[in-house]
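J.: Right, I'll just put the structure down here and ask away after.
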Amino acid sequence: MGSEALSSQTVRAKLLPRFPDFVPVEIDHGPHVESLISGFAPYSDFNFVSIWSWNRGEPGGLATLNDNLVIRWKDIVTHELFLTFIGRNRVLQTAETLIDYAIASGIDPTLQAVPEEVFESVQLDDRLIVEYDSINSDYLLSTSEWSTLPGHKFKNKRNAIHRLEREHAPEVRELDLTDAATQSEILRVFRTWAGQRQRSLETTIGEYTAIENLLYLTSREPCNRMYGIGVFDAGRMIGFNLAESLPDGYAIGHFAKADYNYDGVYPFMLRQVCQYFHDNGMEFLNIEVDLGDPGLIISKRLSHPAGRLNRYTISRRENSDLDRSV
């Protein structure tokens, strides 16, 4: 459990093209993507399910450069294109080549969300500017802590859960994500959440489509790493949490939405998910990034993260001349 690859019985490995050729992500790219990110911590933007969910179709795209994975992302907030990469091969040359391409293509020349591990064996100098990318750095929760919510720092979470349990009778069910009726209920809860938060279609269509993409993936592939739960009150789904087990003691949370009339449902779901992953040997749950959104910053910090997966931006210093053999 937790280490199965996407290269299941029905997935055939399809290789990505070499940069500068990009292709939209396909299901059969899963094994190649996962081979390129093997050995790295689970940075959310490089997780195959995340790529499939959020970056499917044009103008997004995937490629390889120096055996590193390159992604052309459409920014979720600004809708502008940007480039990022993960890998340890000829890192400085890769960065410089991507910056050249971005400039020539009219894309933001600052590479974003580049994992910290990329630079571990690289001697940096003043020819490139590397800066901390807080809005794209993932938050990690301890599944052990969240399974029991011990001590004073989790007091508010415990109280919220107890209040939910006193005022309602929440029932947790593991979801069959391949079931069409279940998929419809998940999307209904999303629409309920969007209406309660007074979010317009324009501001929510990206996430709604991403959830549809994930459900499409699970309905087509025996993706047995996915774990989805629904919370029900009187037989009606009031919240859902969709997550994925990963190798090396990690899991990642992809989507969670709930009816805001049920105070405490979010920590209730998160505790359940962490209990499941803790029982199955996963030490950390990646709850992804805050994108600089004030509400997300507060909620993720109030979740008492055990750490973060740091990422960085890379830009070119003016008048620099990089030795591209590095």
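The values are calculated or read from the model by the stated rules, or taken from the named source; none is laboratory data. The structure presented is a predicted model; accordingly, all values stated were derived computationally and were not measured. Don't worry about glycine lacking a Cβ; one is built from the backbone with ideal geometry, like all the others, and counts go over all protein chains shown.
J.: Does the range 148-167 include one or more residues that are surrounded by 15 or more Cβ atoms within 10 Å (Cβ to Cβ), of a type in the set (A, V, I, L, M), part of a loop (DSSP other than H, G, I, E, B) and under 26 Å from the mean Cα position of the chain (by Cα)? Show your work before the answer.
T.: Narrowing the range 148-167 to residues surrounded by 15 or more Cβ atoms within 10 Å (Cβ to Cβ): 149, 154, 157-158, 160-161, 164.
The next check asks that each one be of a type in the set (A, V, I, L, M); those that pass are 149, 160-161, 164.
Now restrict to residues that are part of a loop (DSSP other than H, G, I, E, B): 149.
This time we only want the ones that are under 26 Å from the mean Cα position of the chain (by Cα), so: 149.
Checked the range 148-167: at least one residue is surrounded by 15 or more Cβ atoms within 10 Å (Cβ to Cβ), of a type in the set (A, V, I, L, M), part of a loop (DSSP other than H, G, I, E, B) and under 26 Å from the mean Cα position of the chain (by Cα).
J.: Here is a further query. Return the pair list, or none, for Cβ contacts closer than 8 Å from residues in the range 75-91 that are closer than 19 Å to residue 32 by Cβ to residues that are surrounded by 13 or more Cβ atoms within 10 Å (Cβ to Cβ) and among the small types (Gly, Ala, Ser), at least 6 apart or on different chains.
T.: That search, which allows pairs on different chains as well, returns 83/102; 84/113; 85/95.
Residues are listed down the side, and each one gets a yes or a no for (1) touching a helix residue (DSSP H, G or I) at 6+ places or on another chain (Cβ under 7 Å); (2) of a type in the set (Val, Ile, Thr):
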| position | (1), (2) |
| --- | --- |
| 79 | no, no |
| 105 | no, no |
| 110 | no, yes |
| 126 | no, no |
| 144 | yes, no |
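J.: Tally time: how many residues in the range 246-296 are on the phi > 0 side of the Ramachandran plot and over 12 Å from the mean Cα position of the chain (by Cα)?
T.: Taking the range 246-296 and keeping what is on the phi > 0 side of the Ramachandran plot, we get 248-249, 264, 281, 288, 291-292.
Retained after the next criterion (residues that are over 12 Å from the mean Cα position of the chain (by Cα)): 248-249, 264, 281, 292.
Final tally of qualifying residues: 5.
J.: Now a separate question. Among the strands (runs of 3 or more DSSP E) contained in the range 3-105, which hold 1 or more residues that are aromatic (Phe, Trp, Tyr) and assigned by TED's automatic domain parsing to the domain that holds residue 131? Spell out the reasoning first.
T.: Details: elements: 61-65, 68-74, 81-86.
Once the strands (runs of 3 or more DSSP E) in the range 3-105 are filtered for at least 1 residues that are aromatic (Phe, Trp, Tyr) and assigned by TED's automatic domain parsing to the domain that holds residue 131, what remains is 68-74, 81-86.
J.: Which of the residues belonging to the range 103-156 are closer than 18 Å to residue 313 by Cβ, among the charged types (D, E, K, R) and in contact (Cβ under 8 Å) with a residue 40 or more places away in the chain?
T.: Within the range 103-156, 116, 117, 126, 127, 131, 133, 138 qualify.
J.: Let me ask something else about it. Restricting the search to the range 205-245, which residues are part of a strand (DSSP E or B), aliphatic (A, V, I, L, M), under 15 Å from the mean Cα position of the chain (by Cα) and under 17 Å from residue 188 (Cα atoms)?
T.: Filtering the range 205-245 for residues part of a strand (DSSP E or B) gives 226-233, 236-245.
Among the residues that remain, those that are also aliphatic (A, V, I, L, M) are: 226, 229, 231, 237-238, 242-243.
Still in the list and also under 15 Å from the mean Cα position of the chain (by Cα): 226, 242-243.
Residue satisfying the conditions is 242 alone.
J.: Given (1) under 15 Å from residue 266 (Cα atoms); (2) touching an Asp or Glu at 6+ places or on another chain (Cβ under 8 Å); (3) among the hydrophobic types (A, V, I, L, M, F, W, C), where does residue 172 come up short, assuming only one miss?
T.: Only one criterion in (1) under 15 Å from residue 266 (Cα atoms); (2) touching an Asp or Glu at 6+ places or on another chain (Cβ under 8 Å); (3) among the hydrophobic types (A, V, I, L, M, F, W, C) is unmet by residue 172, namely (2).
J.: Still on this structure, I have one more. Within the range 54-64, identify whether any single residue is of a type in the set (Phe, Trp, Tyr) and closer than 12 Å to residue 98 by Cβ, and answer yes or no.
T.: From the range 54-64, those of a type in the set (Phe, Trp, Tyr) are 54; that's our starting set.
With the extra rule that they be closer than 12 Å to residue 98 by Cβ, the set shrinks to none.
No, the conditions are met nowhere in the range 54-64.
J.: Scanning for something in the same structural domain as residue 164 (by TED's automatic domain parsing) and without any contact (Cβ under 8 Å) to a residue 24 or more places away in the chain, does the range 262-278 turn up at least one residue? Working first, answer last.
T.: To start, the set of residues in the range 262-278 that are in the same structural domain as residue 164 (by TED's automatic domain parsing) comprises 262-278.
Pick out the ones that are also without any contact (Cβ under 8 Å) to a residue 24 or more places away in the chain and you get none.
The answer is no; no qualifying residue exists.
J.: Given (1) out of contact with any helix residue (DSSP H, G or I) (no Cβ under 8 Å at 6 or more places or on another chain); (2) in a helix (DSSP H, G or I), where does residue 187 come up short, assuming only one miss?
T.: Every listed condition holds for residue 187 apart from (1).
J.: Can I ask one more? Does residue 131 fit the bill of being out of contact with any Leu (no Cβ under 6 Å at 6 or more places or on another chain) and closer than 26 Å to residue 261 by Cα?
T.: Answer is no for this residue.
J.: Tell me the residue from 64, 78 that is among the hydroxyl-bearing types (Ser, Thr, Tyr) and either at pLDDT 95 or above or surrounded by 15 or more Cβ atoms within 10 Å (Cβ to Cβ) (or both), please. Working first, answer last.
T.: Numbers: 78 fails: either at pLDDT 95 or above or surrounded by 15 or more Cβ atoms within 10 Å (Cβ to Cβ) (or both).
Criteria check complete, one pass: 64.
J.: For residue 45, only one of the following conditions fails: (1) modelled with pLDDT under 95; (2) over 16 Å from residue 16 (Cα atoms); (3) crowded, with 21+ Cβ neighbours inside 10 Å. What is its number?
T.: The single condition residue 45 does not satisfy is (1).
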